[in-house]
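To start, the structure under review is shown below, and the notes come after it.
Values quoted throughout were computed directly from the atomic coordinates according to the rules given, and no laboratory measurement underlies them. Computed from a prediction, not measured in an experiment: that's the story for all the values here. Using ideal geometry, Cβ is built from the backbone for each residue, glycine included, and neighbour counts are taken over all protein chains shown.
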Amino acid sequence: MSELWMGLIIGILFGALLQQGRVLRFEKQVGAMLLEDMTILKFMLSAILVGMVGIQLLASLGAIQLKIKATSVAANVAGGILFGGGWAIMGYCPGTSVGAVGEGRWHAVWAILGMLAGAALYAELYPAMKSNLLAWGSLGELTLPGILSTTPWAVVPALCLVYLALFVWLEKKGL
Amino acid sequence: MKNSPSYRPYLAGALVGVLAVLSVFATTKILGKPHYLGASTTFVRAAGLLESAVAPGHVENNAYFASKKVRVDWQFMLVLGIFLGALGASLADRSFKKESVPPIWKERFGSSPGLRALGAFFGGVVAMFGARMAGGCPSGHGLSGLMQLSVSGFIALTFFFGTGIVVAHLVYKKGNRHE
């Protein structure tokens, strides 16, 4: 029971922050893809910057475990391409579609129905792809520090600088 | 949050970063295993639950549904929470707005809600198929993946945005978009 309640409470906070960041909107998502309004990139990278430092710190202290998604080059690339194409037309990602309906953008209901159909379709075709496409380039649970044979603390400061430099550049360009 | 609009995404984003860390820590302490932010697996479970209502045996025998355990779980509630949180926050600061066709879409394809519904639906089918193939969405691969310095996250997010940029330019910049 506490599993479900914790999910709900964290979700409510997540939804409120997504809404306050103004990233639930079609024009923000497509605006980023049109390179006209980088709100969602600023939001995502701010979350990633803060979260990265906190998660890596807790993991280094042994307080939490990472849950790395396996790298499968073909699946990551092909799936990434399909997702990007659908995302541009839909104007929402899975998490934001639900929040967008909450904000009154009810056309996102059609996006949600489409995504349910897409998930069902994937389940049907999964057995046929499992041993070929999905297995190509399967490299296991790779991390950046892992493939560079270094500690996370060599990578984290470097990425912080990259993200901060990007913020400065975006603000200079007025994006 | 009464900051000037330009600080909004940074501040709200940074707070999501704090929330992500707290979530992983609290779920580890209380539930015994870490839960990272994500959304797209919930669509698989929801589709499985809906299909179970008409063909339970079919869902049980499907390898993909079996691997994802079709049930209402932590992430399922997280996704419901996103709806409630966005509803509450938008009502609280009066930014709630009913919309059937978004502005950029209207400029390019006109104000037909039916056409927008069709686009949203088929975009959704393709995007979710891709997200499941890639193993996650901008939350799971993007936020949680990059926080954990996961290589699959960097690959997926690069292709999410890369393809999104190309397709958005082809779809919305072509032809008679008038501003």
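Quick test for you: out of A:A75, A:A100, pick the one residue that is touching a residue at least 60 places away in the same chain (Cβ under 8 Å) and more than 24 Å from B:Q148 (Cβ to Cβ). Talk me through it step by step, then tell me what you get.
Numbers: A:A75 fails: more than 24 Å from B:Q148 (Cβ to Cβ).
Being touching a residue at least 60 places away in the same chain (Cβ under 8 Å) and more than 24 Å from B:Q148 (Cβ to Cβ) holds for just one of A:A75, A:A100, which is A:A100.
For region A:69-105, how many residues are among the small types (G, A, S) and over 30 Å from B:K98 (Cβ atoms)?
Of the residues in that region, 7 qualify.
Which numbered condition in (1) at the interface with another protein chain (Cβ under 7 Å from one of its Cβ atoms); (2) under 18 Å from B:G162 (Cα atoms) is the only one that A:I64 fails?
(2)
Being in a helix (DSSP H, G or I), surrounded by 23 or more Cβ atoms within 10 Å (Cβ to Cβ), within 7 Å of another protein chain (Cβ to nearest Cβ) and not small (G, A, S) is the filter here, so list the residues in region A:86-109 that pass it.
Scanning region A:86-109 gives A:W87, A:I89, A:M90, A:P94, A:V98.
Considering only helices (runs of 4 or more DSSP H) fully contained in region B:44-148, which possess at least 2 residues that are facing chain A (nearest Cβ under 8 Å) and over 13 Å from the mean Cα position of the chain (by Cα)?
Working: elements: B:56-60, B:63-68, B:74-92, B:103-109, B:113-134.
Answer list for region B:44-148: B:63-68, B:74-92, B:103-109, B:113-134.
Is there any pair with a first residue in region B:45-56 that is charged (D, E, K, R) and a second that is surrounded by 14 or more Cβ atoms within 10 Å (Cβ to Cβ) and in a helix (DSSP H, G or I) whose Cβ atoms are under 7 Å apart and which are 6 or more apart or on different chains, and what are they?
B:R45/B:K68; B:R45/B:F76; B:E51/A:A120; B:E51/B:H58; B:E51/B:V59
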